[in-house]
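Chemist: What follows is a structure written as structure tokens; I'll ask about it next.
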Amino acid sequence: MCLMLRVDAITLEKTAAKSGAVVSGLKVVDMVPYRDNFHCQRSDEISVSFLYVKLARVDYILWEARNSALLEVQFLEYVDFYWSANLHLKMLTLVRSIKAFREELKSKQLSSAPSGDQKKSGKALDWKVSFKNETNFGLLLSAENNMFVYYW
């Protein structure tokens, strides 16, 4: 399994009540692993990918009065996304590996921390996703069956 993530530019911001990021030129490529060097390219120079986001903004806003937080994702410019069964299996493997890694870290933290320090945040998480410009979704089930959804 080999996934390559390319981000042309990212801007991060943090205040007491809000954290945010603006991402430009995000492209994710499904690749066959190889041992040679891979030359760095801008996202526009990579011709084949399964995800391309030209410009997006992500905000995490704490609402102390409501004891909740809002995760807002705005796709401000062009989005291109294609899903396939092969990609699904690769992403599933990646997510399972990340979860296992996080559980291992949590178990090590809990074993080293005093027993009285184990608190859990009770904040509810609201979320909002918006597409503000041209968006293309594709689904490849097999060589004979594919579906393309165009959204403007």
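Chemist: The conditions are (1) touching a strand residue (DSSP E or B) at 6+ places or on another chain (Cβ under 7 Å); (2) modelled with pLDDT under 80; (3) of a type outside the set (S, T, N, Q), and E144 fails exactly one of them. Which is it?
Modeler: Unmet for E144, out of (1) touching a strand residue (DSSP E or B) at 6+ places or on another chain (Cβ under 7 Å); (2) modelled with pLDDT under 80; (3) of a type outside the set (S, T, N, Q): (1).
Chemist: For the subset of segment 93-116 comprising residues that are modelled with pLDDT under 90 and of a type in the set (A, V, I, L, M, F, W, C), which member is farthest from V32 (Cα to Cα)?
Modeler: A113
Chemist: Here is a further query. For L5, all conditions in the list (1) in a strand (DSSP E or B); (2) more than 15 Å from the chain's Cα centre (by Cα); (3) surrounded by fewer than 12 Cβ atoms within 10 Å (Cβ to Cβ) hold save one; what is the number of the exception?
Modeler: The single condition L5 does not satisfy is (2).
Chemist: Find all pairs meeting these conditions: Cβ atoms under 7 angstrom apart; at least six residues apart or on different chains; first residue within segment 99-121 and surrounded by 10 or more Cβ atoms within 10 Å (Cβ to Cβ); second residue among the polar types (S, T, N, Q) and modelled with pLDDT under 65.
Modeler: Sorted first by the residue in segment 99-121, then by its partner, the pairs are L110/Q118.
Chemist: Identify all residues within segment 44-72 that are among the small types (G, A, S) and more than 16 Å from the chain's Cα centre (by Cα); write none if there are none. Working first, answer last.
Modeler: Filtering segment 44-72 down to residues among the small types (G, A, S) leaves 47, 49, 56, 65, 68-69.
Matches in segment 44-72: S47, A65, S68, A69.
Chemist: Let me ask something else about it. Can you tell me which of (1) loosely packed, with under 11 Cβ neighbours inside 10 Å; (2) more than 20 Å from S24 (Cα to Cα); (3) at pLDDT 85 or above; (4) not aromatic (F, W, Y) is the one S130 doesn't meet?
Modeler: (2)
Chemist: Take the residues of segment 80-98 that are touching a residue at least 12 places away in the same chain (Cβ under 8 Å) and charged (D, E, K, R): which is nearest to E134 (Cα to Cα)?
Modeler: D80
Chemist: Another question about this same structure. Regarding segment 25-43, can at least one residue be identified that is crowded, with 16+ Cβ neighbours inside 10 Å, under 26 Å from F137 (Cα atoms), of a type outside the set (A, V, I, L, M) and under 13 Å from the mean Cα position of the chain (by Cα)?
Modeler: yes
Chemist: Sticking with this structure for a sec: Please go through segment 31-61 and give me each residue that is among the hydroxyl-bearing types (S, T, Y) and either under 13 Å from L3 (Cα atoms) or touching a residue at least 60 places away in the same chain (Cβ under 8 Å) (or both), ordered by number. Can you show your working first?
Modeler: Filtering segment 31-61 down to residues among the hydroxyl-bearing types (S, T, Y) leaves 34, 43, 47, 49, 52, 60.
Once the filter is applied, which keeps residues that are among the hydroxyl-bearing types (S, T, Y) and either under 13 Å from L3 (Cα atoms) or touching a residue at least 60 places away in the same chain (Cβ under 8 Å) (or both), segment 31-61 yields Y34, S49.
Chemist: For segment 18-25, state whether one or more residues are polar (S, T, N, Q) and at pLDDT 90 or above.
Modeler: Yes, some residue in segment 18-25 is polar (S, T, N, Q) and at pLDDT 90 or above.
Chemist: Taking segment 10-24 only, how many residues are within 15 Å of the chain's Cα centre (by Cα) and closer than 29 Å to T93 by Cβ?
Modeler: Qualifying residue count, segment 10-24: 4.
Chemist: Ok, one more. Can you name the number of the only condition in (1) at pLDDT below 85; (2) in contact with a Ser or Thr (Cβ under 6 Å, 6 or more places away or on another chain) that R66 fails?
Modeler: Unmet condition: (2).
Chemist: A further question follows. Report the residue count in segment 5-30 for those that are of a type in the set (D, E) and in contact (Cβ under 8 Å) with a residue 24 or more places away in the chain. Write out each step before concluding.
Modeler: Taking segment 5-30 first, the residues of a type in the set (D, E) are 8, 13, 30.
Now drop any that are not in contact (Cβ under 8 Å) with a residue 24 or more places away in the chain, which leaves 8, 30.
Within segment 5-30, residues that are of a type in the set (D, E) and in contact (Cβ under 8 Å) with a residue 24 or more places away in the chain number 2.
The values are calculated or read from the model by the stated rules, or taken from the named source; none is laboratory data. From a predicted model like this one, the values you see are computed outputs, not experimental measurements. Methodologically, a virtual Cβ is constructed for each residue, glycine included, from the backbone with ideal geometry; neighbour enumeration extends over all protein chains shown.
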